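Okay, so here's the structure we're looking at.
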Amino acid sequence: VVGTTEGRLLALNAESGKRLWTAKLTSEILAPPVVAGKQVLARTIDGRITGIAVQNGKQLWSYARPTPVLTIRGNSIPVVHKDRVYVGWDDGYVTCLQADKGHVVWEKSMTQVRGRTELERLVDIDADPVIDNDVLYVTAYQGRLVAVNLASGQLLWERKMSAFKSITLDDQFIYVTDERSHIWAFERQHGTLA
């Protein structure tokens, strides 16, 4: 399954490349779509995530958040864990949705918007969130690196950080490349700098 900048979601046969179906979404698809069970989850640049049936390309559900006037071009990939999907948005929020219906389980701001201009208030979550041991790790441009409880959305720890590249984990540390290409390592349990 692939998304296009024209807002089309295409399902192709993995062996032959033959097109199985095409679904027209509301705007550009910049993040790779995610196949989750019997549906495809697709993020569009207009602040929407849509669940599409894998079998025939029919829309199952859709959820949208308002998009700020100014954003970084790009979107993070929705992350699926068990029966939930976690989406980082251009306004610094993360939404936990029921994967089958798109209903909101919880929604929280992962950063604090500051500044007088649109540029100063830019807080996109363009780095792909990462899940491990029931903890969601998220970072935002001009925002924070946070560890969040998956079930409740409760903040476990936070560190000031501005990043838009994806996070990497190992058994002890979380690694983040900041906006100036510096690599940081934080201890996973408490977020202390390594």
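Here are a few things to note about the model shown:
- Using distinct alpha-carbon pairs, which all enter the 1/r mean, Kirkwood radius of the stretch 85-162 in Å: 12.6
- Selection of trypsin sites (Lys or Arg not before Pro), the stretch 107-149, meeting DSSP coil and at most 14 other Cβ within 10 Å: ARG114, ARG116
- Phi to ³J(HN,Hα) by Karplus 6.51 cos²θ - 1.76 cosθ + 1.60 over the stretch 58-69, Hz, x for Gly, Pro: 7, 6, 9, 6, 8, 9, 9, 10, x, 9, x, 4
- Cβ-Cβ distance of ARG73 and ARG114, R₀ of 22 Å, FRET efficiency by 1/(1 + (r/R0)^6): the value works out to about 0.50.
- Across the stretch 1-110, Cα pairs under 8 Å and at least six residues apart give a relative contact order of 16 percent.
- Candidates ASP132, ASP124, ASP171, ranked by Gaussian network fluctuation over the chain, Cα under 10 Å, top entry: ASP171
- Local electrostatic count at GLN98 - Lys and Arg +1, Asp and Glu -1, tallied over other residues with Cβ under 15 Å: +1
- Excluding same-chain neighbours fewer than eight residues apart, the lysines reachable from LYS58 by a Cα-Cα span under 29 Å are LYS18, LYS24, LYS38, LYS82, LYS101.
- Computed over protein heavy atoms with a 1.4 angstrom probe, the accessible surface ordering of ILE183, ILE52, largest first, is ILE183, ILE52.
- Relative contact order (%) - the chain, alpha-carbon pairs under 8 angstrom, separation at least six: 11
- With R₀ fixed at 45 Å, the C-beta to C-beta distance from GLU187 to LYS38 puts the FRET efficiency at about 0.70.
- Across every pair of non-identical alpha carbons in the stretch 1-52, the mean reciprocal distance, once inverted, gives a Kirkwood radius of 11.0 Å.
- Cross-link partners for LYS160 among the aspartates and glutamates, with Cα-Cα distance under 13 Å and sequence neighbours closer than 8 places in the same chain left out: ASP178, GLU179.
- Of VAL35, VAL85, the order by accessible heavy-atom surface (1.4 Å probe, DNA, RNA and ligands excluded), from most exposed downward, is VAL35, VAL85.
- Förster radius 30 Å - calculated FRET efficiency between GLN59 and ASN13, Cβ distance, rounded to 0.05: 0.90
- Listed candidates [x] 17.5, 57; [y] 19.5, 65; [z] 16.8, 53 - label of the one calculated as Rg and Dmax of the Cα atoms in Å: [z]
- Among GLY57, GLY17, GLY115, the largest mean-square fluctuation in a Gaussian network model of the chain (Cα springs under 10 Å) belongs to GLY17.
- Modelled spin-label separation between HIS103 and SER166, with each label point placed 7 Å from Cα along the Cα-to-Cβ direction: 3.2 nm.
- Where GluC sites (Glu not before Pro) fall in DSSP loop in the stretch 107-153, at most 12 other Cβ within 10 Å: GLU118, GLU120
- Summed over the residues of the chain and divided among them, the accessible surface reaches 52 Å² per residue at a probe radius of 1.4 Å.
- Lys, Arg +1 and Asp, Glu -1 on Cβ, resulting dipole of the chain about Cα centre, debye, nearest 20: 520
- Cα centroid of the stretch 161-194 to Cα centroid of the stretch 1-52, whole Å: 30
- For TRP184, solvent-accessible area (1.4 Å; no DNA, RNA or ligand), Å²: 90
The values are calculated or read from the model by the stated rules, or taken from the named source; none is laboratory data. None of these values were measured; they are calculated from a predicted model. Cβ atoms come from the backbone with ideal geometry, glycine included; neighbour counts cover every protein chain shown. For the accessible areas, the whole protein counts, side chains as well, though only heavy atoms, and no ligand, DNA or RNA atoms are used. Shrake-Rupley method; radii C 1.70, N 1.55, O 1.52, S 1.80 Å.
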